[in-house]
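Shown next, in structure tokens, is the structure this report addresses.
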Amino acid sequence: MSTPALVVDRVTKRFAGHTAVDALSLSVPSGVIYGLLGPNGAGKSTTIRMILNIYVPDGGSVQLFGEGSGRDHSARVGYLPEERGLYNRMRVIDVLLFLAQMKGLSRRVARGRALEWLDRLGLADWRMRKVNELSKGMQQKVQFISTVLHEPDLLIMDEAFSGLDPVNAQVLKDTVLDLRNRGKTILLSTHIMEQAEKLCDHVGIIARGKKLVDGTLADVKRTHGGRHVLVNFDGARGDADRIFADRRLVTKADASGPFAELELASGADAQDILKALVTSQARLSRFELAEPSLNKIFVDLVGPEAARAAEKPEVAHA
Amino acid sequence: MRKVLAVIRREFVERVRTRWFWIGTVLGPVLMIAIIGFQMLLAGQGGGHREIALMDRTSTAFGADLASQLQRAIPRFHVVRVAAGAGVADSLLAEVEAKRIDGYLMVSDSTLTDGAAEYRGSNVSSIGDMEQLHAALQRVLFAARLEERGIDTLLVQQAQVTLNLETHKIMGRKLTGESGTQSFMTGFGMAILLFVAILMYGVNVMSSVLEEKTTRVVEVLVSSLKPFQLMVGKVIGAGAVGIVQLSVWIVSAKLLSGAQHRAALANPAAITPSFQFPNIPTATLVIFVLYFLLGYFLYAGIYAAVGAMSSTEAEARQAQVPVQLLLMVPYLSFFALLNDPNSRIAVWLTMIPFWSPIATPVRWGASPFPVIQLVVSLSILLVTVIFVTWVASRIYRVGILMTGKRPSLRELVRWVRTA
């Protein structure tokens, strides 16, 4: 196996009063899309900032491409911070050139690539406009361009999809997939599991600064999901509630309205549940043996409370 | 290093592109021209013709005598003697109001004995008019008293010398062409220029730091270069703008003073305005530039730290008030410096690093002092610049990534120690 693009080794970061990241270790293989998942306040941004040398860890170490940390490799790393922003009074093209220079690109090379990207994302006519004349969506695109102009081997996106409309989110997704297919590594953090599930090859789930689980998406699902059954009712539910409560068959049920996601008890046969439902006069439109959703794993791991907290806006902390 | 250059370049180019840079750069010389023009206008008016009435309450011929002698002493005054009587004062008042005369001088017998006289007019605030009137009146009185005691008129006239005291500053052993007024103007001009420039470019650094902080661009930057490099790039970039702007101002001042000088030579009859561009010696200029740079670096570092520890523009404006007050001390003391450049206060102002950037060039401009003092002052300033930059960079490093409320003094100390 090739050298991982990124290794985080037992890093710890304490801020006045609390430990934001607690002896966290991660390994991001080369050429994958890695989802760093966790509720707000879990320490995702802090971890990312330590990877990038923005914060100095209180303990532990970070290695990029086998040696050294973020700033040493800044020419190979692209970074999209959680809170977006550009120089408002600068022209679009000048912002891009300046940020590319920060990544070690010459202005000449940067100009060529910037014009290409602006064209590709439909912003060619806006290159001489000031940033504050652009819509929020356009500004996001410009900022995204600024993170990939220097063709980084590792792209780090904090809350990658926050604040994007569906169209722009799709553009971003396509671009990220394209980068992965060209061998780049992408580390993105999000608390929206549906997106992570569709996009990520690897995931690492963290909460309260600690890692709960990591690995390939398939592995995580296999080891943490158990066997799942998805049920849709078509009207009558029969004796469903009693059957779902039978711990010999079902260890956990997540039922809401006409839909239910069940986790099978070990040794139980899904056919027994189906038989019981049908005999109790329940009408079914769907009965499917399935993998658990990432969201389910996430909720199970971090607890419903933390998962709900993830829906709330993050409180600024330093 | 290339990244620092890029930071410098951005800071410089973006600032030079703004409307404010051009307004400021052009406004400087325009303001200078305006000041000269205004002064010339005032001087021109000050030398105009005056209609003066002399209200004579004397019981002797002294009044009539005084009128004719005043007329001779000040040719641009037209003096008419009016004998005092009932209602004369009122009618003269009406004349002044109607602007047919500028004012009237009241003399009586006591003028000769006690020197008491009174002038009422619309031009009393004209220093030139009043000084001339005062001087002429004194001379006439002086002569009249001597004559009264029987001294020969001719002898008196010979004894009366019109004094013309010219003031020239001594630099080293050389006599400079600089007059007292010019010397004052040099000091005054340098104090204003240094104060405004250090403050303005320092505040520029502050708002630039703040912009990167509030837009969070700083996170991307700090992941690519060290916070210290970023801060140094900013300070140098904004300082370069300052140097360009100051150069434009100094060069245009030089050109203007040259033009003014030539105009004065071409038309010697013209009244010289009280404001003249002084001829600044090279040593003073070098000291000026040196202290501007060091002073700028000193305060720019502080302003960068202030920007980093604030979260909004309003907060930063409030936080920088103490810094501004600190810089105001030497600015406000420039009068003391010029009055007595070798006083103990002046020496202290030259030595204290937060004040010396303004105080030293002003004091040197007023009167060069021992070079050893200059060396000590520069050394103290240089060491302070290095120390303050070090402290500021540590505050900057922590501050730019902080959000929320402004840190307390204790927290700042912790930042500096642990950063």
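Rule-based calculations on the coordinates, nothing more; no lab input. All of these numbers come straight from a predicted model, not from anything done at the bench. Positions of Cβ are generated from backbone atoms using ideal geometry, with glycine treated the same way; all protein chains shown enter the neighbour counts.
Going by average Cβ neighbours within 10 Å, how do the peptides B:224-233, B:59-68 rank, with the highest at the top? If you can, show how the numbers build up before the last one.
Numbers: B:224-233: 20.9, B:59-68: 15.9.
Packing proxy ranking, top to bottom: B:224-233, B:59-68.
Give the calculated FRET efficiency between B:Ile23 and A:Asp174 to the nearest 0.05, with a Förster radius of 51 Å applied to their Cβ-Cβ distance. Calculated transfer efficiency: 0.65.
Mean residue ellipticity at 222 nm from the helices of chain A, using -39,500 (n - 2.57) per DSSP H segment of n ≥ 4 over the full residue count, to the nearest 500 deg cm²/dmol?
Details: 10 runs with 109 residues, N = 318.
After summing the helix terms and dividing by the residues of chain A, the value is -10500 deg cm²/dmol.
Each of the peptides B:309-315, A:278-284, A:80-86 was scored by the mean count of other Cβ atoms within 10 Å over its residues; in descending order, highest first, they stand as A:80-86, B:309-315, A:278-284.
What is the distance in Å between the Cα centroid of the range B:341-411 and that of the range B:210-252? Each part's Cα centre sits 20 Å from the other's. For the protein assembly as shown, the share of DSSP beta bridges that are antiparallel, to the nearest 5, is 60%.
Look at the stretch B:4-15: the mean tally of other chain Cβ atoms within 10 Å of its residues' Cβ atoms is 3. Ignoring lysines fewer than eight residues from B:Lys254 along the same chain, the ones with Cα atoms less than 28 angstrom from its Cα are B:Lys169, B:Lys174.
Taking the range A:190-267, which trypsin sites (Lys or Arg not before Pro) meet the DSSP loop condition and have no more than 11 other C-beta atoms within 10 Å? Mind dumping the intermediate values first?
On the way: sites: A:Lys198, A:Arg208, A:Lys210, A:Lys211, A:Lys221, A:Arg222, A:Arg227, A:Arg237, A:Arg242, A:Arg247, A:Arg248, A:Lys252; in loops: A:Arg208, A:Arg227, A:Arg237, A:Arg247, A:Arg248.
Qualifying residues, ordered by number: A:Arg247, A:Arg248.
Ranked by the mean number of other Cβ atoms within 10 Å of their residues, highest first, the peptides A:59-67, A:128-136 come out as A:59-67, A:128-136. Output the Kirkwood hydrodynamic radius of the range A:227-291, Cα pairs only, in Å rounded to one decimal. Evaluated on the range A:227-291, it is 11.4 Å.
Let me check against my output: what whole-number percent is the relative contact order of chain A, with C-alpha pairs under 8 Å and at least 6 apart?
Details: 596 pairs, mean separation 65.0, N = 318.
Relative CO of chain A lands at 20 percent.
Over chain B, what relative contact order in percent results from Cα pairs under 8 Å that are six or more residues apart? With pairs under 8 Å counted, the relative contact order is 19 percent. Counts of other chain beta carbons within 10 angstrom of each beta carbon in peptide B:209-220 average 6. Counting only DSSP beta bridges with both residues in chain A, the antiparallel share comes to about 70 percent. The charge dipole of the protein assembly as shown, taken about its Cα centre with unit charges on the Cβ atoms of Lys, Arg (+1), Asp and Glu (-1) only, comes to about 1720 debye.
Subtracting the Cα-Cα distance of A:Thr12 and A:Asp72 from their residue separation scaled by 0.36 nm leaves 19.6 nm.
The label-point distance for A:Arg227 and A:Gln271, in a model that sets each label 7 Å from Cα toward Cβ, rounds to 1.1 nm. Pairwise Cα distances in chain B exceed 32 Å for 55 percent of all pairs. Span-like helix criteria (full DSSP H runs; alpha carbon extent of at least 18 Å along the helix axis; mean Kyte-Doolittle hydropathy of at least -1.0) are satisfied in chain B by B:2-16, B:19-46, B:127-148, B:180-215, B:227-266, B:282-309, B:371-399. Taken along the Cα-to-beta-carbon direction at a fixed 7 Å, the label points for B:Val80 and B:Thr403 span 8.2 nm.
Whole-percent P(r), the protein assembly as shown, all Cα pairs, 20 Å bins from 0: 13, 30, 24, 15, 10, 5, 2, 0. Using the charge dipole of chain A (Lys, Arg: +1 at Cβ; Asp, Glu: -1 at Cβ; taken about the Cα centre), state which of A:Ile145, A:Gly112, A:Val213 has its Cα farthest towards the positive end. About the Cα centre, the residue reaching furthest to the positive side is A:Gly112. Here r is the Cβ-Cβ distance between B:Leu155 and B:His134 and R0 is 25 Å; the resulting FRET efficiency, rounded to 0.05, is 0.55. Rounded to 0.05, the FRET efficiency of the A:Glu194 and A:Val109 pair, given R0 = 41 Å and the Cβ-Cβ distance, is 0.60. Nearest-5 percent of antiparallel DSSP beta bridges in the range B:47-159? Of all bridge pairs located within the range B:47-159, approximately 25 percent are antiparallel. Charging the Cβ of each Asp and Glu at -1 and of each Lys and Arg at +1, and nothing else, the dipole of the range A:6-216 about its Cα centre rounds to 580 debye. Estimated at 0.36 nm per residue, the fully extended path between B:Ala94 and B:Leu285 surpasses their Cα-Cα distance by 63.2 nm. Peptide A:99-111 is shielded by partner chain Cβ atoms: per residue, an average of 3 of them sit within 10 Å of its Cβ.
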